[in-house]
1. Order A:66-75, B:21-30 from most to least packed using the mean count of other Cβ atoms within 10 Å.
2. Go through A:MET185, B:MET54 and list them by solvent-accessible area, largest first, probe radius 1.4 Å.
3. Looking only at other chains, what is the average number of their beta-carbon atoms within 10 angstrom of each beta-carbon in B:29-38?
4. Modelled label-to-label distance, A:VAL180 and A:ALA37, 7 Å Cα→beta-carbon offset: nm?
5. Go through A:186-192, A:144-150 and give me the packing order, highest mean Cβ count within 10 Å leading.
6. Calculate log10 I(q)/I(0) of chain B for q = 0.12, 0.18, 0.20, 0.29 Å⁻¹, where I(q) comes from the Debye formula with a single equal point scatterer on each Cα and nothing for solvent.
7. Which FRET efficiency value, to the nearest 0.05, is calculated for A:LYS81 and A:GLU154 with the Förster distance at 22 angstrom and r the Cβ-Cβ distance?
8. Determine ³J(HN,Hα), in whole Hz, for all residues of the range A:64-80 in sequence, where each value follows from phi through the Karplus function 6.51 cos²θ - 1.76 cosθ + 1.60 and θ = phi - 60°; x replaces Gly and Pro.
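The values are calculated or read from the model by the stated rules, or taken from the named source; none is laboratory data. As the structure is a computational prediction, the values presented were derived from the model and not from experiment. We place every Cβ from the backbone using ideal geometry, glycine too, and count neighbours over all the protein chains shown. Surface areas here come from the heavy atoms of the whole protein model, side chains and all, with no ligands, DNA or RNA. Shrake-Rupley method; radii C 1.70, N 1.55, O 1.52, S 1.80 Å.
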Amino acid sequence: MERVAVPNAGAATISLSCSMLSSVERTDEQVVRDVLAGDRDAYRLLVRRYGDTLHGHALRMTGNSDEAADLVQRALVKGFKKLRSCREPERVGAWLFRILANLCKDHVRSARRNDISLGRVAPHLAGGSDPEADAAGAEIRSRVWGALDALTPEQKEAFVLKHVEGRSYEEIAAVMDLSVASLKMRVHRAREALRGLLEEYA
Amino acid sequence: MKDELHRHLDGDMPVEELGQPQRDEADEWDRMVASFRTTAPKGAMPPWLEQNVMSEIE
């Protein structure tokens, strides 16, 4: 096992194995290098660093916690298997996000073919202790998320990333490998479609 | 929707530069986006998922 000398408070040093170093002490680039060198356990750091972000996006795209977890697991396993093809290890988080985003879009297409609507699935995800408020909230969720569900997977993804997750165009464009202009056009079309759909439902 | 409204919603044009009808429409959009955000499904990755991933790559 590789040993790394870590300066202690005094003149002496202590030694820790790489996998014992905290995520704060190892950059993404270092973690990727260690995994590719055979330290599979180091991959756990990437799972911990990006798991919540990936899961949140999958949840918003699918509206179903089991499906979201399944997609995240598939994305992380695929990421491990293809890690050598990650050209910018310092941006491995964005690379993993892109893998997940593609799986989510495929899932949305497939769910649509099988007529599974997020608008019908989402309401039970965020119930509270007030039944009346829950019922009203469920109706709103069903209406707005049902409309979002009617967009193309690409439009839905763009709208979720921009307006629901609140990311900047630059950040989304970098992750999705699109130009900012193309991305804006996609968001504009999503808005136009949503407006029509929500007017229809009103 | 007019281009000016898209530009405003993109963060490229301040609301003061919009005419009143478009300001009203921008307000509607703000309310709609807020409803998406408040009703969006949220949740951290389940704790068992990390172990599932690590088991699968062993």
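1. Output ranking for A:66-75, B:21-30: A:66-75, B:21-30.
2. Numbers: A:MET185 95, B:MET54 0 Å².
So the residues, ranked largest to smallest area, are A:MET185, B:MET54.
3. Whole-number average of other-chain Cβ neighbours for B:29-38 is 5.
4. Those two pseudo-labels are separated by 3.8 nm.
5. A:144-150, A:186-192
6. The computed values of log10 I(q)/I(0) come out as -0.50, -0.67, -0.76, -1.09.
7. Values: r = 26 Å, r/R0 = 1.16.
Computed FRET efficiency for A:LYS81 and A:GLU154 comes out at 0.30.
8. 9, 5, 5, 5, 4, 4, 4, 5, 5, 4, 4, 5, 5, 5, 4, x, 4
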